[in-house]
Amino acid sequence: MTEHKNKNFHIRPFISFSLLLSFLLLAFSGLMMYLRPEGSMASWTGWNILGIDKKGWEGIHTLFCILFLVIASIHLVLNWKPLLHYLSRRIAVKRSFRFELAAAAAMVLLVFGIAVLQLPPASNLMKWRSDIKDGSIVVKVQPPVPDFEKRSLREISNFLGVSVDYVLRILYTKGIKFAAPDDSLQKIADQNNRSPQNLFNIILQGIPDP
């Protein structure tokens, strides 16, 4: 009888474990969102972490944010009475609880004020985020214009003032396959497990200085 009972599915442990795991993934994906470059720079550099690109991490973060809110709401509903009982008992028995609450509120307000006024360390964190976003950290070769990776090899060769056949020979010499004149730099990069930045750098290195 006891063995059968232990095999039953219990909703409270399920919600608690789901809440913990969702929080951990939400926190980790939040860190990945902090580290990601701005959209076009992420595409240009082929940015990814653990094999997941910018769009993938954005999707993970968004979905787990929603999941966390839903599970947290269920957790509050299931534990509403014990939570109220705990709070009322703590307030009645220990006046120091008020001091702890005030200290927590003061800490939150302090961090909020630092963020709004852009004081250190918030200003340092945002400066690092800005450097990551504009590509100062991850970009080795700046794209000449935004969304340059969407241009075809023909357009890129015209931009550089060389023939498209010359550009194709440069790429083939470096082992780049599946390249066609009307294919975009992004498409060729994806087919060769490279980044558009890497391919453009190969092209630039293959063109002699005037």
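The values are calculated or read from the model by the stated rules, or taken from the named source; none is laboratory data. As the structure is a computational prediction, the values presented were derived from the model and not from experiment. A quick note on method: Cβ atoms are made from the backbone with ideal geometry, for glycine too, and the neighbour counts reach across all protein chains shown. Surface areas here come from the heavy atoms of the whole protein model, side chains and all, with no ligands, DNA or RNA. Shrake-Rupley method; radii C 1.70, N 1.55, O 1.52, S 1.80 Å.
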Task: Count of residues meeting criterion [without any contact (Cβ under 8 Å) to a residue 60 or more places away in the chain and part of a helix (DSSP H, G or I)] in the range 140-192 - done: 24
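Any idea which of Met33, Met41 is among the hydrophobic types (A, V, I, L, M, F, W, C), at pLDDT below 90 and within 12 Å of the chain's Cα centre (by Cα)? It would help to see each step written out before you state the result.
On the way: Met41 fails: within 12 Å of the chain's Cα centre (by Cα).
Selected residue: Met33, the only one of Met33, Met41 that is among the hydrophobic types (A, V, I, L, M, F, W, C), at pLDDT below 90 and within 12 Å of the chain's Cα centre (by Cα).
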Open item on the list: Considering only residues that are closer than 24 Å to Asn201 by Cα and open to solvent by less than 30 Å² (accessible area, probe 1.4 Å), which ones fall in the range 19-39?
Closed with: Pro37, Gly39
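Looking at the range 164-180, can you tell me whether even one residue there is within 12 Å of Trp44 (Cα to Cα), hydrophobic (A, V, I, L, M, F, W, C) and crowded, with 19+ Cβ neighbours inside 10 Å? It would help to see each step written out before you state the result.
Going residue by residue through the range 164-180, those that are within 12 Å of Trp44 (Cα to Cα) are none.
No; the residues of the range 164-180 include none that is within 12 Å of Trp44 (Cα to Cα), hydrophobic (A, V, I, L, M, F, W, C) and crowded, with 19+ Cβ neighbours inside 10 Å.
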